[in-house]
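> I am attaching a structure below and will ask some questions about it afterwards.
The values are calculated or read from the model by the stated rules, or taken from the named source; none is laboratory data. What you see is a predicted model; the values in this text were computed from it and never measured. Backbone-built Cβ (ideal geometry, glycine too); neighbour counts: all protein chains shown.
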Ligand code: 13P
């Protein structure tokens, strides 16, 4: 059985002191659970101190970005090679990086390949903008992002990765536009179908698909109940020591529900 993955993307928030305080609070509220994997993605600056503070039975770490070259004259960058002993995951191709830092499909492909080469699991983010959605281009945009990003991987490598569907129009919209779980399921299904076509059934069944976009404690279970949703990628809510544990608790309830169902069916 796949473990449900809950990844808190802290984005460019919290200095070392604040990050440490949040970890302490989360540690008090979050329990170890066999079927749920909880990942924290702090800023690069705080990864190292946080790595010394976390209870590794409860939390794993992700970087929010890295550069695809292993070393060399690339001022200001940090490589996957440098991160390999520190993190299990790296978020790659987040829409904020595609938009504000003009990351191209090819650069994202190279980063995904560098992550795998260094033994780090990529969390590849894909998703369409509001305009693309309005123009009916969601499938094409997501297809291009997935196909290009994975093009240098083997089917076996694809089995181990994570793809996060994060529609750009649904990010940071608390109180605004809500992404309906049923609509999200359609795109998650589409992504899994693309993986089947390109890499076969085994890769499609193993790859973990997660959803991100204004997820909160009280909306988490609606997405987690979807057949193709293997986890969540909250941003703002992951900075809140009530909301994030609530999201993790929703995942606990969900996995327990699935287990009961299996039992009653069997
Ligand atoms: P919000 O949960 O703040 O909408 O952010 C989602 C996100 O971008 C996570 O990567």
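> Taking residue 220 as meeting all but one of (1) buried (at least 22 other Cβ atoms within 10 Å of the Cβ); (2) farther than 21 Å from residue 257 by Cβ, write down the number of the exception.
Failed condition: (2).
> Please identify the pairs in which a residue from the stretch 165-183 that is over 18 Å from residue 210 (Cβ atoms) and free of Cβ contacts under 8 Å to residues at least 24 places away in the same chain has its Cβ atom under 7 Å from the Cβ atom of a residue that is more than 10 Å from the ligand (Cβ to nearest atom) and assigned to a loop (DSSP other than H, G, I, E, B), counting only partners at least 6 apart or on another chain.
none
> What's the number of the only condition in (1) over 25 Å from residue 251 (Cα atoms); (2) in contact with a strand residue (DSSP E or B) (Cβ under 6 Å, 6 or more places away or on another chain); (3) touching a residue at least 40 places away in the same chain (Cβ under 8 Å); (4) away from the ligand (no atom under 16 Å from the Cβ) that residue 120 fails to meet?
The failed condition is (1).
> Would you check if there is a residue in the stretch 120-138 being within 18 Å of the chain's Cα centre (by Cα) and assigned to a helix (DSSP H, G or I)?
Among the residues of the stretch 120-138, not one is within 18 Å of the chain's Cα centre (by Cα) and assigned to a helix (DSSP H, G or I), which makes the answer no.
> Filter the stretch 196-214 down to residues that are on the phi < 0 side of the Ramachandran plot and in contact with a helix residue (DSSP H, G or I) (Cβ under 6 Å, 6 or more places away or on another chain) and give me whichever is nearest to the ligand (Cβ to nearest atom).
Initially, the stretch 196-214 is screened for residues on the phi < 0 side of the Ramachandran plot, giving 196-199, 201-212.
Going one step further and asking which of them are in contact with a helix residue (DSSP H, G or I) (Cβ under 6 Å, 6 or more places away or on another chain), we end up with 196, 199, 203-204, 206-207, 209, 211.
Numbers: 196: 25, 199: 24, 203: 24, 204: 23, 206: 22, 207: 18, 209: 14, 211: 10 Å.
The residue in question is 211.
> Okay, moving on. Checking residue 198 against (1) modelled with pLDDT of 95 or more; (2) within 16 Å of residue 138 (Cβ to Cβ): exactly one of these is not met. Which one?
(2)
> Residue under question is residue 14, and the condition is that it be more than 18 Å from the chain's Cα centre (by Cα), in contact (Cβ under 8 Å) with a residue 60 or more places away in the chain and within 16 Å of the ligand (Cβ to nearest atom); does it hold?
Working: more than 18 Å from the chain's Cα centre (by Cα): yes; in contact (Cβ under 8 Å) with a residue 60 or more places away in the chain: yes; within 16 Å of the ligand (Cβ to nearest atom): yes.
Yes, satisfied.
> Does the stretch 176-195 hold any residues that are closer than 18 Å to residue 124 by Cβ and within 15 Å of the ligand (Cβ to nearest atom), and which are they? I'd like the intermediate steps shown before the answer.
Filtering the stretch 176-195 for residues closer than 18 Å to residue 124 by Cβ gives 184, 187-195.
Matches in the stretch 176-195: 184 only.
> If residue 189 passes every condition in (1) free of Cβ contacts under 8 Å to residues at least 40 places away in the same chain; (2) surrounded by 14 or more Cβ atoms within 10 Å (Cβ to Cβ); (3) more than 25 Å from residue 156 (Cα to Cα) but one, which one does it miss?
Exception for residue 189: condition (3).
> Additional query: Please go through the stretch 155-172 and give me each residue that is over 10 Å from the mean Cα position of the chain (by Cα), within 12 Å of the ligand (Cβ to nearest atom) and either modelled with pLDDT of 95 or more or surrounded by 15 or more Cβ atoms within 10 Å (Cβ to Cβ) (or both), ordered by number.
If the condition is that a residue be over 10 Å from the mean Cα position of the chain (by Cα), within 12 Å of the ligand (Cβ to nearest atom) and either modelled with pLDDT of 95 or more or surrounded by 15 or more Cβ atoms within 10 Å (Cβ to Cβ) (or both), then 167, 168, 169, 170, 171 are the ones that fit.
> From 232, 150, 239, which residue is surrounded by 23 or more Cβ atoms within 10 Å (Cβ to Cβ) and within 16 Å of the ligand (Cβ to nearest atom)? Write out each step before concluding.
Working: 150 fails: within 16 Å of the ligand (Cβ to nearest atom); 239 fails: surrounded by 23 or more Cβ atoms within 10 Å (Cβ to Cβ).
232 is the lone residue from the list that is surrounded by 23 or more Cβ atoms within 10 Å (Cβ to Cβ) and within 16 Å of the ligand (Cβ to nearest atom).
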